[in-house]
Every structure is written in structure tokens, then in C-alpha cells.
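What follows is a short report on a single structure.
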Amino acid sequence: MSTDTAPPRSTEAAGNPGPVPASALSLWAGDVATVTWRNLIKFRRNPEILLFAVLQPIMFVLLFSQVYGGSIEIEGGNYTDYLMAGIFGQTVLFGSTFSGYQMAQDLKEGMIDRFRTLPMHDSAVLFGRTNADLVLNAVSVVIMMISGAVVGWRFHEGWLSFLAGVGILLLFSYAFSWVMALLGIVVRTPEVINNASFMILFPLTFISNAFVQTDRLPAVLEAFANWNPISALVQAVRELFGNTGAAATPDTFPMQNPILTTVAMSLLMLAVFVPLAVNRFRQASSR
């Protein structure tokens with residue numbers, strides 16, 4: 001942790017709109033880097049975290065591609081290519097919940113009280129947490145792509161488009177990790193975070209275009225799926241990877257403009273939940 005004196009907490013909390021001195025910005029960046037490294041070291045010392053982070057998506061890849069793939073038809077394409085974008089979207093979404101779980105765990109174990117005794121910025125704890133989880137999600141996506149290649153998945157739009165697809169997955173995961181970090185601060189109980197995230201995220205991923213085309217769903221569920229933000233993310237990745245096939249695109253704004261919709265949603269989540277999480281964290285850590 002940086003040994004230099006960070007700006008007074010009261011000054012940071014006041015949210016002074018004036019320009020931030022370069023030295024203060026450098027100290028903040030150093031604090032963020034240190035906390036990020038601390039969280040990455042925890043992953044290295046607990047490899048089971050990464051193991052379980054990728055086992056579930058691998059299971060879904062095998063189950064859907066090998067068990068159901070032969071009975072689900074995609075116009076102008078194959079189900080494995082269609083499926084993988086949904087698996088990628090589900091992987092980063094569930095991987096982002098780790099930010100909320102770990103924030104609640106740190107608050108419960110008193111780790112935040114230890115951070116408060118150090119000359120560091122409050123917000124560095126949150127940025128370090130979400131940055132480390134972004135790395136975990138990136139590793140998970142790489143492993144998912146290797147698994148997908150094994151069962152026959154390929155991308156078809158060139159490397160630039162492929163990298164854009166990976167980037168949009170990680171952008172969405174990073175933005176959503178701030179939503180979960182705020183939830184972890186508010187709830188402060190890891191068990192509740194796990195239960196709440198599964199109850200919310202499973203319907204979001206399954207009532208979407210992640211695993212089946214939305215026109216095969218009942219009318220009410222089809223309408224929900226076509227406006228579901230997860231559907232927009234998955235459709236954006238499919239377009240960038242060239243995995244859409246010849247199926248007609250639903251006539252809704254998110255489905256017709258999935259890349260724009262996903263980027264806009266991600267930036268909106270960051271604009272709303274970063275300041276909310278930082279302010280809530282300051283309140284929680286000052287108790």
C-alpha cells in the first residue's frame with residue numbers, strides 16, 4: 001500500500017469539482033494498482049476460485065452443444081456457433097457477481113476496517129476489486145473460447161471484429177461488476193448475494209436469445225427477451241463473431257442495434273453505479 005499520504009478523506013468525500021493534482025491522481029492510481037494486485041494474489045492462492053468460475057460454463061457448453069445441439073436448428077448456421085455467444089454472455093454476467101460476493105465478504109470479515117487504517121483512498125478498494133474481477137472474467141472467456149473451439153465453434157468476421165466482440169463482453173462485465181459491488185456493500189452478507197444473484201440472473205439469461213431464438217418462445221416471453229439487455233449483449237457478440245446465421249433479427253431497437261445498445265448500457269451502468277458504490281462504501285466504512 002502506498003506510504004505517501006493520500007488526500008484527506010473529507011476532501012475526497014466532498015467531491016470537489018476542481019482539477020485533481022497530478023500527484024493526487026498518481027497516489028490514487030498506485031492505491032488502485034496495489035489493491036488490484038492484492039486481489040489477484042488471492043486468486044493465485046485459491047485456484048479453486050478460477051476452477052469453479054469456469055466449470056459451470058464448460059458444463060453448459062457440453063450439455064447444450066452435445067445433448068441438445070442435434071435437435072435445435074439455426075437457419076443458415078449451426079447451433080454450436082449460435083450457442084457460444086450465449087455461453088460467453090452468461091459467463092461474464094455470472095463472473096461479475098464475484099465483486100458483490102467478495103465486497104460483502106471483506107465487510108463481514110473486517111478487512112475494510114484494516115484498509116481504513118492505511119493512508120489510501122477509499123475508492124481504491126472498489127476499483128481494485130472490480131479490476132481484479134475483470135481479469136478473472138477475461139481468463140474465463142479465454143478458457144470458454146478454447147472449450148468452444150474443441151466442440152466446433154469458430155468466429156467468421158476477422159480478427160478485428162473478434163477482438164471487438166471480446167472487448168464488448170469485458171466492458172459489459174466490468175460495468176455489471178459495479179452493480180454487484182454496490183449490492184454487496186448494501187447487503188453485506190455473502191450468502192444473500194449468492195441467492196439473490198442466482199434468482200435474478202438465471203431468468204435473465206434463460207429468458208433471452210442466449211440459448212434459443214426468441215421467436216420460439218411464448219409471446220410474452222418473446223417480448224421480454226427481445227428487450228432483455230442480455231439478449232442485446234449476446235446478439236452484439238454474435239454479429240461481431242459472425243455467428244448469427246441467416247435467422248431474421250427481431251424488429252426491436254436492441255436487437256436491430258445490439259452493439260450500440262450494449263455499449264450505451266455499459267456506459268450508463270458505469271455512470272450511475274460507480275459514484276453510487278463509492279459513496280455507499282464511504283458511508284459503510286465510516287461506521
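Quick notes
- Charge dipole (debye, nearest 20) of the chain; +1 at Cβ of Lys and Arg, -1 at Cβ of Asp and Glu: 940 debye
- For segment 173-180, putting each phi into the Karplus relation 6.51 cos²θ - 1.76 cosθ + 1.60 with θ = phi - 60° gives couplings of 5, 5, 5, 5, 5, 6, 4, 6 Hz, in residue order, rounded to whole numbers and with x for Gly and Pro.
- Panel order for Phe94, Phe224, by other beta carbons found within 10 Å of each beta carbon, from fewest to most: Phe224, Phe94.
- Residues of segment 83-110 with an amide N closer than 14 Å to a point placed 7 Å from the Cα of Arg216 along the Cα-to-Cβ direction: 83-84, 86.
- Over segment 66-202: Kirkwood hydrodynamic radius from C-alpha pairwise inverse distances, Å: 16.7 Å
- Gain on full stretching of the segment that runs from Ser26 to Val150 - 0.36 nm per residue minus C-alpha separation: 40.2 nm
- Karplus-derived HN-Hα couplings along segment 38-51 (A = 6.51, B = -1.76, C = 1.60, θ = phi - 60°), whole Hz, x at Gly and Pro: 4, 6, 5, 4, 4, 5, 5, 7, 10, x, 5, 4, 5, 4
- Hypothetical label at Ser161: residues of segment 231-269 whose amide nitrogen lies under 11 Å (7 Å Cα-Cβ projection): 238-245
- If R0 is 45 Å, the Cβ-Cβ spacing of Thr252 and Thr34 corresponds to a FRET efficiency of close to 0.50.
- Neighbour-count order for Trp178, Trp227, Trp159, fewest beta carbons within 10 angstrom listed first: Trp159, Trp227, Trp178
- Computed [θ] at 222 nm, helices only, for the chain once each DSSP H run of length n ≥ 4 contributes -39500 (n - 2.57): -25000 deg cm²/dmol
- Global form of segment 163-242, assessed from the alpha-carbon gyration tensor, a/c cut-off 1.5: oblate
- Candidates Gly245, Gly148, Gly95, ranked by Gaussian network fluctuation over the chain, Cα under 10 Å, top entry: Gly245
- Estimated FRET transfer efficiency (Gln105, Leu51; beta-carbon r; R0 22 Å; 0.05): 0.75
- Full extension of the chain segment joining Lys42 with Val186 gains 49.5 nm, where the gain is 0.36 nm per residue of separation less the Cα-Cα distance.
- Efficiency of FRET between Leu268 and Ala223 - r from beta-carbon atoms, R0 30 angstrom, step 0.05: 0.85
- In Å, descending, principal axis extents of the Cα set of the chain: 61, 39, 36
Where a number appears in this text, it was derived from the coordinates with a stated rule and is not lab data. Values in this document were obtained by computation on a predicted structure and should not be read as measured data. Heads up, the Cβs are rebuilt from the backbone with ideal geometry, glycines too, and the neighbour counts pull from every protein chain shown.
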